[in-house]
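This report concerns only the one structure given below.
The values are calculated or read from the model by the stated rules, or taken from the named source; none is laboratory data. Keep in mind it's a predicted model, so treat the numbers as computed, not measured. For neighbour counting, all protein chains shown are included, and Cβ atoms are generated from backbone atoms with ideal geometry for every residue, glycine included. The protein model used for the area step is the full one, side chains on, heavy atoms only, and it has no ligands, DNA or RNA in it. Shrake-Rupley method; radii C 1.70, N 1.55, O 1.52, S 1.80 Å.
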2 protein chains.
Amino acid sequence: MLTETGLNGPPIVNRMCAVPKPDSFDNVTADDVAVAAGVSRWTVNRAFKKDASISPKTRARVITAAQSLGYVPDLSAAALASTRSNLVALLVDDFANPHKLVMLERLTRALRSRGWDTLLVNTLDREDTAPALMNASQRRVDATILIGIQFDDEVLATALGARRFKKLIIFARTSQNPNTISIAVDDEAATREIAHYVIQKGYRRPLYVAGPETVSAHLLRKETFATIWQDRFGVVPDSVSVARYDAMLAEKVALEALQGRDAASLPDVIVCENDALALGVVDTIRHRLGLRVPEDIAVIGFDDVPQAESPNYRLTTYRQPLTQMSNYLVDVLESPDTTNLDRKFLGSMVVRDSA
Amino acid sequence: MLTETGLNGPPIVNRMCAVPKPDSFDNVTADDVAVAAGVSRWTVNRAFKKDASISPKTRARVITAAQSLGYVPDLSAAALASTRSNLVALLVDDFANPHKLVMLERLTRALRSRGWDTLLVNTLDREDTAPALMNASQRRVDATILIGIQFDDEVLATALGARRFKKLIIFARTSQNPNTISIAVDDEAATREIAHYVIQKGYRRPLYVAGPETVSAHLLRKETFATIWQDRFGVVPDSVSVARYDAMLAEKVALEALQGRDAASLPDVIVCENDALALGVVDTIRHRLGLRVPEDIAVIGFDDVPQAESPNYRLTTYRQPLTQMSNYLVDVLESPDTTNLDRKFLGSMVVRDSA
DNA sequence: AAACTGTTTGCACGCGCGTGCAAATCATGT
DNA sequence: ACATGATTTGCACGCGCGTGCAAACAGTTT
């Protein structure tokens, strides 16, 4: 029987066998590369820095040495030593909206292709927003990006009160808060375009389906639509509000709003704050009310999610220039300025069959 | 007129005015809290550590001081100093599949609620997988999680060759690679259940719609289905492959596979590797072929994405226990073991109207 | 009261790299 | 060959915290 414990014999040998050279090759640092390349450590790090002052041959020599040793610079240490981390936090709370996946893709693509890493923070619930912001700040992020709905003035105050927030960016949503940077589509212009389309197509009994209300950051769509409609026809259009951007919930709310009405009192067009709602509305019209889209009730969305294109929905909607917006976001990150960075973008209407 | 420049006078005063105390309040460190609370810096950090050896009163005093100063521990520095970062990288390449959004939500929820942060890395294209892995390693992640399709043996070799990968987890997909940890649904059991359902419902002319092929990580669904069918009926069922998990593309492929056939040669059921494909297939059956689901052709999916429940699709599908899988993933992260961590989970069939 | 045990606190050193400047090297013109 | 300016390289110090151990302290027993 082998002596497994050290009780009846010297355990030292055993231990040495068990741990010969544990992870002798896992921490290749710039120093190691430096001796291999015959330069100083600082030169090694320069070789990996974008436009550092280093001669091409030295850089080549260093890179070669680094590759043979398997060295890559440690961004974690770099972040600690400098004031920049090239890291941003992305706070999301609204995972029911399929458009979020598109936004995530576009944002992470733009960020990564320009050297930025993304910390994805799931804002678990309403109360968790402030902790989530704290969490982000603990990782020394250069900016925090909000793409959701659960943030109000109080939360923003917390965020801005906490230090280390170099930039607080509200993406795809308009904020009046002077301390945040808002990168969004021009909701008023977009809604104007939608409203004119609705009017021009001859619809006269619109129902507006809005999403949840927020305090600090707005989609001005509903208000703009109401104003335009009132200016033109003297009446405020009907509207209902859905507590989440969730097709399933929109379905229920739309059903409650529409069932039991006779044909004359039904709307002839339903304008939705976004596609997530619109898809649910279309389903309700067809499968709960047994009516046709657009013949009985037309539907208009916003965002142009992938499914909007499917032959099943063929949703008329409005597309935000997400790629452009994402690229501008990276511009903002790289800009030394801290003010006057807000920007609105113009999207384009996508006319399909639903209206 | 005031002397604005230092040209005709001592500029020192001016400078001091311009920069009184620039950002004197942005870097609150543990040392600051230490003097405020009358303890050593180490005690301060202990107060913020889960089960550190510290007396309750001292902790309370420190926390109070910390709050009034707005201090939070710097995880970036903590990661540098220790061997753990409580950070994982999540590599995603497959943003067309709506199920990814669900997975992202479940994973980030489980991770964050147990103190882990998530680095979301968008694997831009096939060639970018290795750089993406490198990128992750540069941030000292404790583990890298792969939830996508674009990784083959070569890429895994690169990943495993690079150091600093404590754990390489393949989520929702089975891998045979002994150096990875695979957390997935039991595809064989699931497919068996699906196949038996198909047989029991009397379908006899199945078409299998598979996704892209990968080398290292498999969904064993197609193979299992084929085997079962052959064992039972002596023939290998028809199948087609879609290059991406994308409803739009599945639509096209399905159309090519089905159009021009007469009723007798059409399949009576289409079994899809996942819902992303199934949704496209349903659309094709209805809107391109003008047939009914399930009366003319039944459809079965996999994943139970949110839309599967919509009255429009009512998709019969198979649900993975994502929450359970995500929690197990965190268990794995927190486990000191490095082997024998693979695990398969049983999901459950969700029978709706499409089959 | 002394001795003992278990708990709490303090500290030297290092994690890997950036900043800012000084020293060294190179390229060019006379 | 020498001076001049431009480019390249080296280095002291610090970023904020963790590890592991030793010192100090509190609580209990004889």
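Counting only other chain Cβ atoms within 10 Å of each residue's Cβ, the peptide B:123-130 averages 1. With distances taken between every two different alpha-carbon atoms, the stretch B:187-320 has a Kirkwood hydrodynamic radius of 14.6 Å.
A viscosity of 1.306 mPa s and a temperature of 10 °C, combined with the Kirkwood radius over Cα pairs in Stokes-Einstein, give a translational diffusion coefficient for chain A of 67 µm²/s. Distances from residue B:238 to itself in the other copies, using label points 7 Å out along the Cα-Cβ axis, amount to 4.6 nm in increasing order.
Taking each residue in B:281-287, count the Cβ atoms of any other chain within 10 Å of its Cβ, then average. What number comes out? Please report the intermediate quantities before stating the final value.
Numbers: counts 0, 2, 5, 3, 0, 2, 4.
Per residue, the number of nearby Cβ atoms from other chains is 2 on average.
Our coupling estimate for the stretch A:253-260, obtained by passing each phi through the Karplus curve with A = 6.51, B = -1.76, C = 1.60 and θ = phi - 60°, is 4, 5, 4, 4, 6, 10, 5, x Hz, Gly and Pro reported as x. Under 5 Å between amide hydrogens, built in the peptide plane, is the criterion, and for residue B:238 it picks out B:208 among residues at least 5 positions away or on other chains.
Both chains summed, the buried accessible area for B and A stands near 5200 Å², from protein heavy atoms and a 1.4 Å probe.
Scalar couplings 3J(HN,Hα) for the stretch B:242-249, obtained by applying the Karplus form with A = 6.51, B = -1.76, C = 1.60 to θ = phi - 60°, are 9, 6, 9, 7, 9, 4, 4, 6 Hz; x denotes Gly and Pro.
Dipole size of the stretch B:187-320 about its Cα centre, with +1 on Lys/Arg Cβ and -1 on Asp/Glu Cβ: approximately 300 debye, rounded to the nearest 20. Ordering B:90-101, B:315-326, B:109-120 by mean Cβ neighbour count within 10 Å, with the highest value first, yields B:90-101, B:315-326, B:109-120.
The accessible area of residue A:287, taken with all protein chains in place and a 1.4 Å probe, comes to roughly 80 Å². Principal axis analysis of the Cα atoms in the stretch A:247-355 yields extents of 59, 25, 22 Å, listed in decreasing size.
Can you tell me the length gained on complete extension of the stretch residue B:60 to residue B:292, counting 0.36 nm per residue apart and subtracting the Cα distance?
Working: separation 232, 0.36 × 232 = 83.52 nm, distance 6.67 nm.
Here the answer is 76.8 nm.
In chain A, the beta carbon lying closest to the axis that superposes A onto B belongs to the residue given here with its whole-angstrom distance, A:120, 2. Near residue B:352, the amide H atoms lying under 5 Å from its own belong to B:316, B:317; only residues 5 or more places off or on other chains count, and H is placed 1.01 Å from N. Note on the stretch A:47-132: percent of Cα-Cα distances in each 5 Å bin, starting at 0 and stopping at the bin with the largest distance, equals 3, 11, 15, 16, 16, 13, 9, 7, 6, 4, 1, 0.
What is the helix-to-structure angle for B:221-233, meaning the angle in degrees between its Cα long axis and the longest Cα principal axis of chain B, kept from 0 to 90 and rounded to the nearest 10? Between helix and principal axis, roughly 20 degrees. For the stretch B:57-107, pairs of C-alpha atoms spaced more than 15 angstrom apart make up 68 percent of the total. Axis angle, to the nearest 10 degrees, between helix A:322-334 and the longest C-alpha principal axis of chain A: 40 degrees. The long axis of helix B:99-113 is offset from the longest Cα principal axis of chain B by roughly 40 degrees.
Within a straight-line Cα-Cα reach of under 12 Å, residue B:252 can be paired with the following aspartates and glutamates, leaving aside sequence neighbours fewer than 8 residues apart in one chain: B:283.
Highest mobility in the GNM of chain B, judged by mean-square fluctuation with C-alpha springs under 10 Å and restricted to B:269, B:35, B:209, is found for B:35. Surface composition of chain B: carbon plus sulfur atoms contribute 52% of the solvent-accessible area (1.4 Å probe, protein chains only, all chains present).
Treating each Cα of the stretch B:60-216 as an identical point scatterer and summing with the Debye formula, the log10 of I(q)/I(0) at q = 0.08, 0.09, 0.15, 0.16 Å⁻¹ comes to -0.33, -0.41, -0.88, -0.97. If you look at the Cα atoms of the stretch B:188-234, you get an Rg and a Dmax of 11.2, 35 Å. With semi-axes defined as the square roots of five times the eigenvalues of the C-alpha gyration tensor, the equivalent ellipsoid of the protein assembly as shown measures 47, 38, 23 Å, largest first. Placing a label point 7 Å from the Cα of residue A:296 along the Cα-to-Cβ direction, the distances to the matching points in the other copies come to 2.2 nm, shortest first. Taking a quarter of the surface of the Cα convex hull of the stretch B:263-321 gives a mean projected area of 3.8 nm². Springs between Cα atoms under 10 Å define the GNM used for chain A, and in it the highest mean-square fluctuation of A:246, A:296, A:283 occurs at A:296.
Excluding residue A:280 itself, calculate the net charge of residues whose Cβ lies under 14 Å from the Cβ of residue A:280, where each Lys or Arg counts +1 and each Asp or Glu counts -1.
Working: positive: A:244, A:252, A:286, A:288; negative: A:246, A:251, A:256, A:273, A:275, A:283, A:303, B:309.
For residues surrounding residue A:280, the net value is -4.
For the stretch B:155-254, the spread of Cα coordinates along the three principal axes comes to 53, 29, 18 Å, biggest extent given first.
Cross-link partners of residue B:49 among lysines, defined as those whose alpha carbon lies under 28 angstrom from its own and excluding same-chain residues fewer than eight positions apart: A:166, B:57, B:166, B:167. For the stretch A:272-355, the residue among A:281, A:332, A:322 whose Cα projects farthest onto the positive side of the dipole built from Cβ charges is A:281. The same position residue B:264 in the other copies lies at 5.6 nm from this copy, comparing label points 7 Å beyond Cα toward the beta-carbon, shortest first.
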